[in-house]
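The values are calculated or read from the model by the stated rules, or taken from the named source; none is laboratory data. Because the structure is predicted, anything quoted here is derived from the model rather than measured. With ideal geometry, Cβ positions are generated from the backbone for all residues, glycine too; neighbour counts draw on all protein chains shown. Accessible surface is based on the protein model in full, side chains and every heavy atom, while ligands, DNA and RNA are left aside. Shrake-Rupley method; radii C 1.70, N 1.55, O 1.52, S 1.80 Å.
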Amino acid sequence: MKIVVIGGSGRAGAHVVRHLGAQGHEAVAASRTTGVDAVTGEGLAEVLADADAVVDAANASVWDDDAVLEYFTTSTRTMLAAEREAGVGHHLALTIVGADRVPDSGYMRAKVAQEAEIEAGAVPYSILRTTQFFEFLGVIAEAGADGDGVRLSTGLIQPVAADEVGATMAELAAGAPVGGRVELGGPEALPIDDWARRLFAATGDDRAVVSDPRARYFGTELGGGELTPGAGARLGATDFDAWLATQAHRAGR
């Protein structure tokens, strides 16, 4: 199959491309650096010629609430229109577990709007909702920087390895459209502050972690398990220690 991966050089997209290639598919990484702009539509017609499926693994480069909403809705409409014109039979998008349960977050509202555009479109689709990636634990911790330490939410998250996200997306992209959502999470749920403590202990970071139920997680307070997957979700096999070992291996190359 020819499968075009929008955002194919990004954190998740690069893994999708690698897994698809290993399965013998023609995986085409598309992004602005390759002349493809999902917002304006530039280059889409050319790259989608003879494509069987499109994977949208792209992320916004803007974070203002209105701007990120505009990015996800416009890019999704543009892609779906180009896919319909090209006769693409499957649109697969990467979104977030629990996005609809945290409406105070502008980014999460934008991801919900992205899903709504897909559901209203004319292209057969699948939506993969995943939990946060292990690879972003450091960013999450830094977002809580407060003096000489970090102040973090006690809300639960259940991180998954980006490689397992890529493998799941490759599997779904090569299959028939689901016509709905699939959820993927990691093997263990812990409060955000506890994840930071584990990360700091493993990396030699001696900063104090302050637990604060009112601390915001990218614009919203978490009451508990809003961002953890529900019953029937797929669970990755890579736990924190196994993921950390892969990072140390790559750093040592």
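Numerical summary
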| item | result |
| --- | --- |
| Long-range neighbours under 9 Å by Cβ, at least six apart or interchain, first residue under 19 Å from Phe72 (Cβ atoms) and of a type in the set (D, E, K, R) within region 26-51, second buried (at least 20 other Cβ atoms within 10 Å of the Cβ) and at pLDDT 95 or above | Arg32/Ala38; Asp37/Leu44; Asp37/Ser75; Glu42/Val36 |
| Checking Thr74 against (1) over 23 Å from Ala162 (Cα atoms); (2) under 15 Å from the mean Cα position of the chain (by Cα), the condition it does not meet | (2) |
| Within region 103-147, tally of residues that are farther than 21 Å from Pro191 by Cβ, among the acidic types (Asp, Glu) and open to solvent by 10 Å² or more (accessible area, probe 1.4 Å) | 2 |
| Scope region 103-143; condition among the small types (Gly, Ala, Ser) and either out of contact with any strand residue (DSSP E or B) (no Cβ under 7 Å at 6 or more places or on another chain) or modelled with pLDDT under 95 (or both); matching residues | Ser105, Gly106, Ala110, Ala113, Ala116, Ala120, Gly121, Ala122, Gly138, Ala143 |
| Count of residues meeting criterion [assigned to a helix (DSSP H, G or I), in contact (Cβ under 8 Å) with a residue 12 or more places away in the chain and among the aliphatic types (A, V, I, L, M)] in region 58-93 | 7 |
| Filter result (among the hydroxyl-bearing types (Ser, Thr, Tyr) and either closer than 17 Å to Tyr71 by Cβ or buried (at least 17 other Cβ atoms within 10 Å of the Cβ) (or both)) within region 1-32 | Ser31 |
| Filter result (modelled with pLDDT of 95 or more and charged (D, E, K, R)) within region 39-86 | Glu42, Glu46, Asp50, Asp52, Asp56, Asp66, Glu70, Arg77, Glu83, Arg84, Glu85 |
| Residues of region 159-175 satisfying the condition of being open to solvent by 30 Å² or more (accessible area, probe 1.4 Å) and touching a Gly at 6+ places or on another chain (Cβ under 6 Å) | Glu164 |
| Candidates Leu199, Leu184, Leu190, filtered to the one that is under 30 Å from Val88 (Cα atoms) and at pLDDT 95 or above | Leu184 |
| All positions within region 176-207 that are more than 16 Å from Thr238 (Cα to Cα), surrounded by fewer than 18 Cβ atoms within 10 Å (Cβ to Cβ) and of a type in the set (Asp, Glu) | Asp194, Asp205, Asp206 |
| Top-ranked residue of region 228-253 - restricted to ones that are modelled with pLDDT of 95 or more and assigned to a loop (DSSP other than H, G, I, E, B), ranked as farthest from Ala167 (Cα to Cα) | Thr228 |
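Every residue, every condition in (1) in contact with a Ser or Thr (Cβ under 7 Å, 6 or more places away or on another chain); (2) open to solvent by less than 30 Å² (accessible area, probe 1.4 Å); (3) under 18 Å from Leu128 (Cβ atoms), yes or no:
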{"position": "Ala51", "(1), (2), (3)": "no, yes, no"}
{"position": "Asp64", "(1), (2), (3)": "no, no, no"}
{"position": "Tyr71", "(1), (2), (3)": "no, no, no"}
{"position": "Arg77", "(1), (2), (3)": "no, no, no"}
{"position": "Leu80", "(1), (2), (3)": "no, yes, yes"}
{"position": "Glu83", "(1), (2), (3)": "no, yes, yes"}
{"position": "Gly89", "(1), (2), (3)": "no, no, yes"}
{"position": "Val97", "(1), (2), (3)": "yes, yes, yes"}
{"position": "Arg101", "(1), (2), (3)": "no, no, yes"}
